[in-house]
Amino acid sequence: MHVVWGFLGSGKTTFLQGLLAYMAGQNLRPAVLINDYGAINIDAELLRGQGYTVRAFSDGCICCTLRPDLSLALREVLADRPQAVCIETTGLADPLQLLDQLTHPELLPLVRMASLTAVIDPRSSARRTTAEGYHFQRHLQLADFVLLNKADVVPTAELVDLETRVRRQNPRAVVVRTTHGRMDFSRLVGHQGEVLHLPGMDTPAPDHAHFHSYTYACPGPLLPERFMELLQTLPETIWRAKGFVRFTDPTKQWLFHYDGEEVGIGEVSLQPQPPDHLVFIGNGFAPEDLAVALARCHPPVAVRHVARSRP
């Protein structure tokens, strides 16, 4: 079993895509489980569109609210006898509670923990360690591999400083500088993992109620200039945004993502084609204001939209 975790926008899904491609090249058949805090699981839809079999957990966190769902799903996928199980957690998940669940006595005879990988965006690590120190510390303490992702856009001195901090937290971890989540995946697939039982393993996970997700179902194409302007002016209280949209050509679908620092967008051709929808995750933003701003990104013809928000 391979588990990947990290904060929102760190590059977990890009890393997972590379790992799955490597497994396919080795003729390995993995089962994939993905958790997304939003009501719509964009990452799962992206991987399904690339031909992978994916189980999705949406609208909650598998370390707490979706905990029973994960246990049931694991038993179901293991019944198909996959050669590997890859789990991508939401960035809000407590890895300690997740590992406690994955090492339940009923599961231990069925699976072997192969690798635990923490993906970090060095540009936001300082902010995350201050705002969400509990999760960041857990990510580092338990990881076999720590990926300092997006290393191509970070000054060397900052990378060296972060490497020192990581090794101080977890001397046993393999620290790797990566770009777009690329690394020597054979090191992961061949790794013999171990699970540490740290103090606090039985402590209840922290409440995620201060996190908020908002899902917007697009009723039609967006005006590209207005949409890009909206993404570039999102408040700091929105940490992550992603989704599928269409612009002037309704036959073309685009995948966009925002990680709190940068906006990325690219055309996709996925089968089955997912519906156009956007997911925003953050802390303390007003969904009503965001809905109004998104409505202004459509052409002048007024069209009703469907949206969901949850605390």
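The values are calculated or read from the model by the stated rules, or taken from the named source; none is laboratory data. Please read all numbers here as calculations on a predicted model, not as lab measurements. FYI the Cβ positions are ideal-geometry reconstructions off the backbone, even for glycines, and counts take in every protein chain you see.
Collect the residues in segment 111-133 that are part of a helix (DSSP H, G or I) and modelled with pLDDT under 70, keeping them in residue-number order.
Within segment 111-133, A126, R127, R128, T129, T130, A131, G133 qualify.
Considering (1) at pLDDT 70 or above; (2) surrounded by fewer than 21 Cβ atoms within 10 Å (Cβ to Cβ); (3) not in a helix (DSSP H, G or I), say which one D69 fails and leave the rest.
Only one criterion in (1) at pLDDT 70 or above; (2) surrounded by fewer than 21 Cβ atoms within 10 Å (Cβ to Cβ); (3) not in a helix (DSSP H, G or I) is unmet by D69, namely (3).
Given P224, P155, which one is in the same structural domain as F247 (by TED's automatic domain parsing), farther than 18 Å from G6 by Cα, surrounded by fewer than 16 Cβ atoms within 10 Å (Cβ to Cβ) and at pLDDT 75 or above?
Every option except P224 fails the conditions.
Determine the pairs where a residue that is among the basic types (K, R), located within segment 216-232, has a partner that is assigned to a loop (DSSP other than H, G, I, E, B) and surrounded by 16 or more Cβ atoms within 10 Å (Cβ to Cβ) with Cβ atoms under 8 Å apart, the partner being 6 or more residues away or on another chain.
Note: pairs meeting the criteria are R226/C297.
Of the residues N35, N27, which single one is assigned by TED's automatic domain parsing to the domain that holds R75 and within 17 Å of the chain's Cα centre (by Cα)?
Every option except N35 fails the conditions.
If we scan segment 12-24, do we find a residue that is assigned to a loop (DSSP other than H, G, I, E, B) and in the same structural domain as L102 (by TED's automatic domain parsing)?
No, because not a single residue in segment 12-24 is assigned to a loop (DSSP other than H, G, I, E, B) and in the same structural domain as L102 (by TED's automatic domain parsing).
Cβ contacts < 8 Å: first residue assigned by TED's automatic domain parsing to the domain that holds L102 and under 18 Å from D36 (Cβ atoms), restricted to segment 69-80; second residue polar (S, T, N, Q) and surrounded by 12 or more Cβ atoms within 10 Å (Cβ to Cβ), any location; separation 6+ or different chain. Result?
L70/N35; L70/Q101
Could you tell me how many of the residues in segment 158-181 are surrounded by 14 or more Cβ atoms within 10 Å (Cβ to Cβ), within 23 Å of L16 (Cα to Cα) and either among the basic types (K, R) or outside the structural domain of A24 (by TED's automatic domain parsing) (or both)?
Count: 1.
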